[in-house]
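J.: One structure, pasted below without further comment.
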Amino acid sequence: MRRALATVLVVIACRPAAGGRSVSPAAIRDALSGIDRTSLEVRLRGPWASHYGANANHTLGSVESVLATRLSAMGLGVDLGLSKAVRELASLAPQHANIPAALTDGVLAWAGVADPAPRLVVVEFAEDPARCLERMSPPCEEAIASLVEGVAETVTRTPNTRFGVGVARAPSGATRMMVGVLERAVELDPVPSRLRARAVTELRARLQGGRRDPAFEVTLPSGQSRRLAAQRRGDGSIAASFACDAGDGAYQVEVLADGAHGIEVAAIFPLFCGVSAPKSIVAEIERLGPDVGAEDVALASFYFLNQMRADRGLPALRWDDRAAAVAEAHSADMRRSGFVGHVSPTTGDVSARYARAKITATVVRENVARGYGPAGIHDSLLRSPGHRANMIATDVTHVGIGVVLGAAESDAPGSPRPVFLTQNFHRPPGEGAPKAAAMVPTLRQRIEQARAQAGLAPARWDDGLDAVAGELAAARARGRAAPAKWEQRVFAEGHAGVEQHLVESADFDALGGVELWTAADLHVGLGVARRSDGRFVLVALVVP
């Protein structure tokens, strides 16, 4: 989910918009005051699936079978593992209109389903005189027809669309019928859900639906992330070696791929190394009060994000109104166009959206999500290695969050409104640069560190060359001609020749990555100045 922009030569500094929304502690407290969060722990019925991607041992009930037949006639494919998860979810969810994402994700993994969360369509009735919970009878037809109609209205059918069905008694005692529908983005070869300590196994998958550029990312028990090296096999599959080499605990695995709307999570599942899978799932029910609006959700998301960063000792991100406006427009586009992704058919990717808004940055990252509240979305993003990496990134300093609320998905009392949320992270040009007097010493230090890591001899720094290079850089930054006879001043220092290297960048940090610094023998003087538009001008004078 990362989108990093290369350093460019011509940039305009990004400044937060003046007179924008307040992100003061008081404003955030007001936003949080209308959001109710209740802790929930549910115990799973039966053991955790032994494998992900394997055929599930699950039998449909009579009503479930009739419902599956009707949905299959629409061209959808039934999945028994997903059906097992949907039945369990139907029996565990306290409310059918507001099911926590953590509960859905946990039940999917428990059933051995590696796919991201499906769209859910639910019918519930408190009275069940026809005993539709146990058997098929004519009075059950109305509920089945309602479910089929709901699926037809909300789901885009593709050759890879799969569904699961479940009929169960809800915690309230009501009969609950549920359908879960998803587009399978990857076929995963069976992989054990539990591994011995320090075990190694192979992950193998086949992308579906024209997706490409696969990658495996893992969040370790410590919370750190790593990317696994993926190899393409002769049968068209991709494979990566997974190792339980970072201690015992749960490792969250994510398969990423490029789809129609950019990078997406194709599969996500936990592997338990040296520990048993949990027997219960802890989640949180989140309810948005009637007065909570999209701006409140955005501010709450901002609060949860910075609270998480503070807990990890990371600097807080600063709010940027212009980035928030770009994010809000993309969230509105996702709601309007019926997708959740980074690439829009109308606005392109985040780089194009930033360029159109005339926001320039040296690094840009983006998270997108659909959920039912800021805390639940925050939790879901944190459980995804790719999204998590953006949230804890140290190469960004600002964020803008844009939220759009959709219409309630059903007429049931308490039915929540879906939340479309976009987080745009970036680093403005020159952010974090040292003061003028410290720029050359700082750059020298970084060059020496890079040369030492590369096994190169220390550079030979020349204060006399620094003075000349500094004057050249200052003149260039002001748009003036180079000082007269500067070459003669270099020769007067006893040098037989000189090479002038000029670099302009929006980002001071990028100056340390110039290829010139990797020369085997480097005798150099440096000058750095800053233009009025924020660009850095570096002059390096290299002598034999």
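J.: Counting only C-alpha contacts under 8 Å and six or more residues apart, can you give the relative contact order of the chain as a whole percent?
T.: Worked out over the chain, it gives 17 percent.
J.: Any idea what angle helix 62-72 forms with the longest principal axis of the chain, computed on alpha-carbon atoms, 0 to 90 degrees, nearest 10?
T.: Helix 62-72 sits roughly 50 degrees off the main axis of the chain.
J.: Hey, what angle do you get for helix 101-110 against the long axis of the chain, alpha-carbon based, 0 to 90 degrees rounded to 10?
T.: Helix 101-110 and the main axis of the chain meet at about 70 degrees.
J.: Among 475, 500, 449, flag the residue with its Cα farthest along the positive direction of the charge dipole of segment 377-508, charges on Cβ as +1 for Lys/Arg and -1 for Asp/Glu.
T.: 475
J.: Under unit Cβ charges (Lys, Arg +1; Asp, Glu -1), what dipole magnitude, rounded to 20 debye, does the chain have relative to its Cα centre?
T.: Charge dipole, the chain, about its Cα centre: 580 debye, nearest 20.
J.: Moving on. What do you get for the angle between helix 80-92 and the principal long axis of the chain? Use alpha-carbon atoms, 0 to 90 degrees, nearest ten.
T.: 80 degrees
J.: Taking 0.36 nm per residue of separation and subtracting the Cα-Cα distance, what length does fully extending residue 54 through residue 212 add?
T.: Using 0.36 nm per residue and subtracting the Cα-Cα distance, I get 54.6 nm.
J.: Rule-of-thumb check for the chain: C-alpha Rg over 2.2 N^0.38 Å?
T.: Against the empirical 2.2 N^0.38 Å value, I get 1.17 for the chain.
J.: For the chain, what is the mean residue ellipticity at 222 nm derived from helices alone (per DSSP H run of n ≥ 4: -39500 (n - 2.57); sum divided by total residues; nearest 500 deg cm²/dmol)?
T.: Taken over the chain, the calculation gives -9000 deg cm²/dmol.
J.: Subtracting the Cα-Cα distance from 0.36 nm times the residue separation, let me have the gained length for residue 500 to residue 460 in nm, one decimal.
T.: Answer, rounded to one decimal: 12.8 nm.
J.: Right, another one. Using every pair of alpha-carbon atoms in segment 253-399, split the distances into 5 Å bins beginning at 0 and state the percent of pairs per bin, rounded to integers.
T.: Cα pair-distance distribution for segment 253-399, in percent: 2, 8, 15, 20, 22, 18, 9, 4, 2, 1, 0.
J.: Another one. Points 7 angstrom from Cα along the Cβ direction at residue 486 and residue 444: gap in nanometres?
T.: 1.9 nm
J.: Ranking request for peptides 504-510, 162-168, 284-290, 479-485: highest mean number of other beta-carbon atoms within 10 Å first, then the rest in descending order.
T.: The most tightly packed comes first, giving 162-168, 504-510, 284-290, 479-485.
J.: Placing +1 at every Lys and Arg Cβ and -1 at every Asp and Glu Cβ, with all other atoms neutral, what dipole size does segment 157-299 have around its Cα centre, in debye to the nearest 20?
T.: 700 debye
J.: Also, quick follow-up: Using the crude model of +1 on Lys and Arg Cβ and -1 on Asp and Glu Cβ, and no other charge, please compute the dipole size for segment 53-168 relative to its Cα centre, in debye to 20.
T.: I would put it at about 320 debye.
J.: Can you give the relative contact order of segment 442-544 as a percent, counting alpha carbon pairs under 8 Å and 6+ residues apart?
T.: Computed over segment 442-544, the figure is 39 percent.
J.: Ok, one more. Positive end of the dipole of the chain, charges at C-beta (+1 Lys, Arg; -1 Asp, Glu), about the Cα centre: which of 534, 230, 140 has its Cα farthest in that direction?
T.: 534
J.: Compute the accessible area per residue over the chain, keeping the other protein chains in place, probe 1.4 Å, unit Å².
T.: Spelled out: the 1.4 Å probe surface of the chain, per residue, equals 44 Å².
J.: Tell me the label-point distance for the pair residue 533, residue 493, using the 7 Å Cα-to-Cβ offset, in nm and rounded to one decimal.
T.: That separation, rounded to one decimal, is 3.0 nm.
J.: Take residue 355 and residue 72, extend 7 Å from each Cα along the Cα→Cβ direction, and tell me the distance between the two endpoints in nm.
T.: Label at residue 355, label at residue 72, 5.0 nm between them.
J.: Quick one: net charge around residue 178, please, counting Lys, Arg +1 and Asp, Glu -1 for every other residue with C-beta under 13 Å from its C-beta.
T.: Result for the neighbourhood of residue 178: +2.
J.: Using a 10 Å cut-off on Cβ atoms, rank the peptides 257-265, 110-118, 221-229 from the highest mean neighbour count down.
T.: 110-118, 257-265, 221-229
J.: Another one. To the nearest 0.05, how large is the calculated FRET efficiency for residue 435 and residue 316 if R₀ is 25 Å and r is the Cβ-Cβ distance?
T.: With a Förster radius of 25 Å, E is 0.70.
J.: Here's something else I'd like to know. Report the net charge of residues surrounding residue 37, where surrounding means a beta-carbon distance below 10 angstrom and charges are Lys +1, Arg +1, Asp -1, Glu -1.
T.: Charge balance in the 10 Å sphere: -2.
J.: Would you work out which of 66, 98, 197 lies farthest towards the positive end of the dipole of the chain? Charges go on Cβ: Lys and Arg +1, Asp and Glu -1.
T.: Going by the Cα projections, it comes out as 197.
J.: Also: Can you tell me what share of the DSSP beta bridges in the chain is antiparallel? A percent to the nearest 5 is fine.
T.: Percentage antiparallel, nearest 5: 90.
The values are calculated or read from the model by the stated rules, or taken from the named source; none is laboratory data. For clarity, every value in this text was computed on a predicted model and none was experimentally measured. Because the Cβ atoms are built from the backbone with ideal geometry, glycine has one as well, and the counts that use them run over all protein chains shown. Surface accessibility is based on the protein's heavy atoms, side chains included, excluding ligands, DNA and RNA. Shrake-Rupley method; radii C 1.70, N 1.55, O 1.52, S 1.80 Å.
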